[in-house]
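What follows is a short report on a single structure.
The values are calculated or read from the model by the stated rules, or taken from the named source; none is laboratory data. The model shown is predicted, which means the values in this text are computed figures rather than measured ones. Methodologically, a virtual Cβ is constructed for each residue, glycine included, from the backbone with ideal geometry; neighbour enumeration extends over all protein chains shown.
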């Protein structure tokens, strides 16, 4: 089975939430609330996405995370690579030497490279905007503050 890591999947989910709110700063706890992911997982994932230059963080009480580019300009491959590293179906499709012991004798290496290029090309053709569903406006979570009611006899 060819499968993305959970962190790559979560990254795309988080990025779609930011893409649905272009230009808005969204805090990690709010993203956790929206996605059902634990806050530490959201924070870890956003840190990787920030390090890769896909999101920008602003600190402070009014801070949060925002996409650095339009969602239509962010291919899904860029998100996956930011979290998981290069996309490779087999070891021989990774651009490094000495990964596979039978690489020099392998009759399928060329075909695996073609298949890997096709998969990467298909993912490259899908943007974050394509992955982002239309969502209802988000109102950030605020602590409950009861309203003061008049006491009897006031």
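Can you tell which of 122, 129 is surrounded by 13 or more Cβ atoms within 10 Å (Cβ to Cβ), at pLDDT 90 or above and in a helix (DSSP H, G or I)?
129
Output the number of the condition that residue 25 fails; it satisfies all remaining conditions of (1) exposed (fewer than 13 other Cβ atoms within 10 Å of the Cβ); (2) over 15 Å from the mean Cα position of the chain (by Cα).
The failed condition is (1).
Filter the stretch 23-69 down to residues that are in contact with a helix residue (DSSP H, G or I) (Cβ under 7 Å, 6 or more places away or on another chain) and assigned to a loop (DSSP other than H, G, I, E, B) and give me whichever is farthest from residue 79 (Cα to Cα).
Here the answer is 38.
For the list (1) touching a strand residue (DSSP E or B) at 6+ places or on another chain (Cβ under 8 Å); (2) modelled with pLDDT of 95 or more, I need the number of the one condition that residue 52 fails.
Answer for residue 52: the failing condition is (1).
Taking the stretch 54-85 as the region of interest, how many residues are without any contact (Cβ under 8 Å) to a residue 60 or more places away in the chain and more than 20 Å from residue 130 (Cα to Cα)?
11
Specify the residue that is farthest from the chain's Cα centre (by Cα); the eligible residues are those in the stretch 82-113 that are in a helix (DSSP H, G or I), at pLDDT below 90 and surrounded by 12 or more Cβ atoms within 10 Å (Cβ to Cβ). Walk me through it before giving the result.
Initially, the stretch 82-113 is screened for residues in a helix (DSSP H, G or I), giving 82-84, 91-93, 103-105, 109-113.
If we keep only those that are at pLDDT below 90 too, we end up with 91-93, 103-105, 109-113.
Next, from what is left, pick out any that are surrounded by 12 or more Cβ atoms within 10 Å (Cβ to Cβ): 91-93, 103, 109, 112-113.
Numbers: 91: 24, 92: 26, 93: 24, 103: 33, 109: 31, 112: 27, 113: 26 Å.
Within the stretch 82-113, the match that is farthest from the chain's Cα centre (by Cα) is 103.
I need a count of the residues in the stretch 11-22 that are part of a helix (DSSP H, G or I) and farther than 17 Å from residue 57 by Cβ. Break it down into steps so the answer makes sense when it comes.
Applying the first criterion (part of a helix (DSSP H, G or I)) to the stretch 11-22 yields 11-19.
So of that shortlist, the ones also farther than 17 Å from residue 57 by Cβ come out as 12-13, 16.
The number of residues fulfilling the criteria is 3.
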